[in-house]
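Read the structure below first, then the notes.
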Amino acid sequence: MPAPEDYDAGPFVPEAADLTALREAAAGCAGCPLFREATQTVFGTGTTTARLMLVGEQPGDQEDRQGEPFVGPAGGVLTRAVAEAGIDPAQTYVTNAVKHFKFQRPAGGKRRIHKPPNLREISACKPWLASELRLVAPEVVVALGATAGKSLLGSSFRVSQQRGVPLALPSPDGDGRDEGTLVATIHPSAVLRAGDRAREDAYAGLVSDLKVAARLLR
């Protein structure tokens, strides 16, 4: 079994597994050092019949504690935006590019402050996301933020330049083929971080991008 310093979750991913087996196997993933400090692995939720996959960055504090993606404040923003965009939640699969919470604590403090995963950590966790993509085979994938976009499209991805337009989604097998459509947008947490004057515009932009994805499903 590889050491976490190898930064590769691949050896932990079982072959020919269904979503239940993948979720169970992911609970024991030690493919990068992030597992050491996180409470638990946070795997995706949804079914293989989902037509749309929402991919975020990584679990936040509440997600790490509860073991499900997007159950914290950003999840509330996403739930509302998905509804306003006319997307059926029952037709969505929700996951993150990185399955463990990465954080730091201020000196002497107990609060866990989110810290973005780096490219090495994103790459290490990619086998889990690739397996989810293969099993669900969504018609459309929405990349929520830069980390999700880089995991799916590569390190040159820039959400500010590529958001809100349909993009070709590379096959998760890395064989050079395009497979499905991707729409990129901001992460819901960006709405929460925006100032009072900018928050309404940021949220409207998120909904607008999700409506692009919704139209592709019709």
* Structure fact -> Rounded to one decimal in nm, the spacing of the 7 Å Cα→Cβ label points at THR49 and ARG80 is 3.1
* **Of the GluC sites (Glu not before Pro) in region 1-107, those whose Cβ has at most 10 other Cβ within 10 Å and which sit in DSSP loop** => GLU15
* At least 24 Å along the helix axis (C-alpha) and Kyte average at least -0.5, DSSP helices within the chain -> 119-136, 196-216
* Structure fact -> With the 1.4 Å probe rolled over protein heavy atoms, region 45-176 has an accessible area per residue in Å² of 44
* Mean residue ellipticity (222 nm) of the chain, computed from DSSP H runs ≥ 4 via -39,500 (n - 2.57), nearest 500 -> -11500 deg cm²/dmol
* **Rounded to the nearest 10 Å², the accessible area of ASP8 at probe 1.4 Å** => 60
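Taking the Cα centre of region 119-197 as origin and charging only Cβ (+1 Lys, Arg; -1 Asp, Glu), how large is the dipole, in debye to the nearest 20?
Here region 119-197 has a charge dipole of around 380 debye.
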* To do: Using only alpha carbon positions, build the gyration tensor of the chain, then give the equivalent ellipsoid semi-axes as the square roots of 5 times its eigenvalues, largest first, whole angstrom.
  => 25, 22, 16
* Please state the equivalent ellipsoid semi-axes for region 89-218: what are the square roots of 5 times the Cα gyration tensor eigenvalues, largest first, in whole Å? -> 25, 21, 13
* Ignoring ligands, DNA and RNA, what percent of the accessible area of the chain is carbon or sulfur (1.4 Å)? -> 49
* Structure fact -> So, with points 7 Å from each Cα along the Cβ direction, the ASP196-ALA21 label distance in nm works out to 5.5
* Asked: For region 199-218 and region 1-59, what is the separation of their C-alpha centers, rounded to whole Å?
  -> 28
* Asked: What is the gain in length, in nm to one decimal, between ALA90 and ARG218 on full extension, counting 0.36 nm per residue of separation less the C-alpha to C-alpha distance?
  -> 44.6 nm
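The values are calculated or read from the model by the stated rules, or taken from the named source; none is laboratory data. What you see is a predicted model; the values in this text were computed from it and never measured. All Cβ positions, even for glycine, are placed from backbone atoms using ideal geometry, and neighbour counts span all protein chains on display. Note: accessible area is taken over every heavy atom of the protein model, side chains too, but ligands, DNA and RNA are not part of it. Shrake-Rupley method; radii C 1.70, N 1.55, O 1.52, S 1.80 Å.
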